[in-house]
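J.: Below you'll find the structure I mean.
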Amino acid sequence: MEKRKERARLWVQVCTAALTNGYVKGFAEGKIFTGPSKRICVPGLNCYSCPGAFGSCPIGSLQAVLGSRNYRMSFYVIGFLMLTGALLGRFVCGWLCPFGLIQDLLYKIPVKGKRKNLPGHRRLVWQKYGILAVFVLLLPLTAVDIIGQGSPWFCQYICPAGTLEAGIPLVAANEVLKRAVGFLFTWKILILAAVVLLSVWIYRPFCKYLCPLGAVYSVFNPIALYRYQVDDKSCTGCWKCRKTCGMDIRVWETPNSPECIRCGDCLKACPEGAIHKIHISGRKNGERNPDEKNEVKE
């Protein structure tokens, strides 16, 4: 049963990545899809410039509208992030983000010396909020050119997902781009290489320390309609939930920690079944509604 649930999450991740990046012709020709669906944001970190992408990345879209001279789309992007966060929180990170899937697969590579966190983990987790504030919000708004246009600083100088999904495929398929690459592309390749190598030994380092989209959704985790609850009467404090948690969360204390990606490993690990999912209906998983309970009693 546990293996089936683990495979279910993997298949959801794979299908989401395939659906959002399924424009095969774009990869073959090295061209970006420009259809009407590109106006729509997808929940996870998924580069707009990926040749196969059917939709837009919410972080890239937010930078684009903040850096533009008009804000026609800003309310849509902000509204999308708020709605997705309020409904799901960081469930998006655990189930729907293509770059999260890549990190999960890299961590499955059998090597010695694996660990959950980098040294200084408790301080480093705040770094993603700094990246959100500076590179996604402040710089696109304030560092503008002569006509008042800002740049997508996070996408341009940091995002390893964009390098992997867009930069490498486009450069590989386009001779003009191959001749034009310079220091910036090399810098982005170095960041990607560092994240890839770290992901083999550290569980989801980009999600923990760098991702501004994860920072946005984390704010909603404690209040999202999809969240966790711990039954204090059933919990024995055995720590098995934390031992199995890749994000290293003290689940019995903060089941809705900003760092929780809703992978569900803690639910499967709890021997007492003390951890429950709270669904949009407001009921715990497996709990009947009042009408059903009355029917059983009758």
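The values are calculated or read from the model by the stated rules, or taken from the named source; none is laboratory data. Please read all numbers here as calculations on a predicted model, not as lab measurements. A quick note on method: Cβ atoms are made from the backbone with ideal geometry, for glycine too, and the neighbour counts reach across all protein chains shown. In case anyone asks, the SASA skips ligands and DNA or RNA and just uses the protein heavy atoms, side chains included. Shrake-Rupley method; radii C 1.70, N 1.55, O 1.52, S 1.80 Å.
J.: Out of curiosity, is L184 part of a helix (DSSP H, G or I) and modelled with pLDDT under 95? Please lay out each step first, then the result.
T.: Details: part of a helix (DSSP H, G or I): yes; modelled with pLDDT under 95: yes.
Yes: the conditions hold for L184.
J.: Determine which single condition Y129 fails, assuming it passes every other condition in (1) at pLDDT 95 or above; (2) over 29 Å from E259 (Cα atoms).
T.: Single failed check for Y129: (2).
J.: Now, a different point. Given the conditions (1) under 24 Å from G22 (Cβ atoms); (2) open to solvent by less than 30 Å² (accessible area, probe 1.4 Å); (3) not hydrophobic (A, V, I, L, M, F, W, C), which single one is not true for P212?
T.: Going through the list (1) under 24 Å from G22 (Cβ atoms); (2) open to solvent by less than 30 Å² (accessible area, probe 1.4 Å); (3) not hydrophobic (A, V, I, L, M, F, W, C), P212 breaks only (1).
J.: Restricting to the stretch 154-194, count the residues that are hydroxyl-bearing (S, T, Y) and crowded, with 19+ Cβ neighbours inside 10 Å. Even if it seems obvious, please write down each step before you answer.
T.: Going through the stretch 154-194, the residues hydroxyl-bearing (S, T, Y) turn out to be 157, 163, 186.
From what is left, the residues that are crowded, with 19+ Cβ neighbours inside 10 Å are 163.
Adding up the residues that qualify gives 1.
J.: Being aliphatic (A, V, I, L, M), open to solvent by 40 Å² or more (accessible area, probe 1.4 Å), within 13 Å of L210 (Cβ to Cβ) and not in a helix (DSSP H, G or I) is the filter here, so list the residues in the stretch 98-153 that pass it.
T.: Correct list: L118 only.
J.: When the residues of the stretch 1-53 are filtered to those that are basic (K, R) and open to solvent by less than 60 Å² (accessible area, probe 1.4 Å), which remaining residue is nearest to V65 (Cα to Cα)? Talk me through it step by step, then tell me what you get.
T.: First, the residues of the stretch 1-53 that are basic (K, R): 3-5, 7, 9, 25, 31, 38-39.
Among the residues that remain, those that are also open to solvent by less than 60 Å² (accessible area, probe 1.4 Å) are: 9, 38.
Details: R9: 33, K38: 14 Å.
This residue is K38.
J.: Follow-up. Hey, any hits in the stretch 254-262 for a residue that's out of contact with any Cys (no Cβ under 7 Å at 6 or more places or on another chain), over 26 Å from F135 (Cα atoms), in contact (Cβ under 8 Å) with a residue 24 or more places away in the chain and surrounded by fewer than 15 Cβ atoms within 10 Å (Cβ to Cβ)?
T.: Quick first cut of the stretch 254-262, residues out of contact with any Cys (no Cβ under 7 Å at 6 or more places or on another chain) only: 254-260, 262.
Subset that is over 26 Å from F135 (Cα atoms): 254-256, 262.
Within this subset, residues satisfying the condition of being in contact (Cβ under 8 Å) with a residue 24 or more places away in the chain are 255-256, 262.
In the following step, the residues that additionally are surrounded by fewer than 15 Cβ atoms within 10 Å (Cβ to Cβ) were identified as none.
Looking through the stretch 254-262, none of the residues is out of contact with any Cys (no Cβ under 7 Å at 6 or more places or on another chain), over 26 Å from F135 (Cα atoms), in contact (Cβ under 8 Å) with a residue 24 or more places away in the chain and surrounded by fewer than 15 Cβ atoms within 10 Å (Cβ to Cβ).
J.: Further, regarding this structure: So which of Q13, Q63 ends up being over 14 Å from the mean Cα position of the chain (by Cα) and in contact (Cβ under 8 Å) with a residue 40 or more places away in the chain?
T.: Details: Q13 fails: over 14 Å from the mean Cα position of the chain (by Cα).
Result of the check over Q13, Q63: Q63.
J.: Another question about this same structure. In a helix (DSSP H, G or I), more than 24 Å from T84 (Cβ to Cβ) and either at pLDDT below 95 or open to solvent by 20 Å² or more (accessible area, probe 1.4 Å) (or both): is that true of L198 in this structure? If you could, list the steps in order and put the result at the bottom.
T.: On the way: in a helix (DSSP H, G or I): yes; more than 24 Å from T84 (Cβ to Cβ): yes; either at pLDDT below 95 or open to solvent by 20 Å² or more (accessible area, probe 1.4 Å) (or both): yes.
Yes: the conditions hold for L198.
J.: Tally time: how many residues in the stretch 224-244 are under 20 Å from I202 (Cβ atoms) and in contact (Cβ under 8 Å) with a residue 60 or more places away in the chain?
T.: Looking only at that region, the number is 0.
J.: Also, I was wondering about something else. Exactly one of these conditions fails for G44: (1) in a helix (DSSP H, G or I); (2) under 14 Å from the mean Cα position of the chain (by Cα). Give me its number.
T.: (1)
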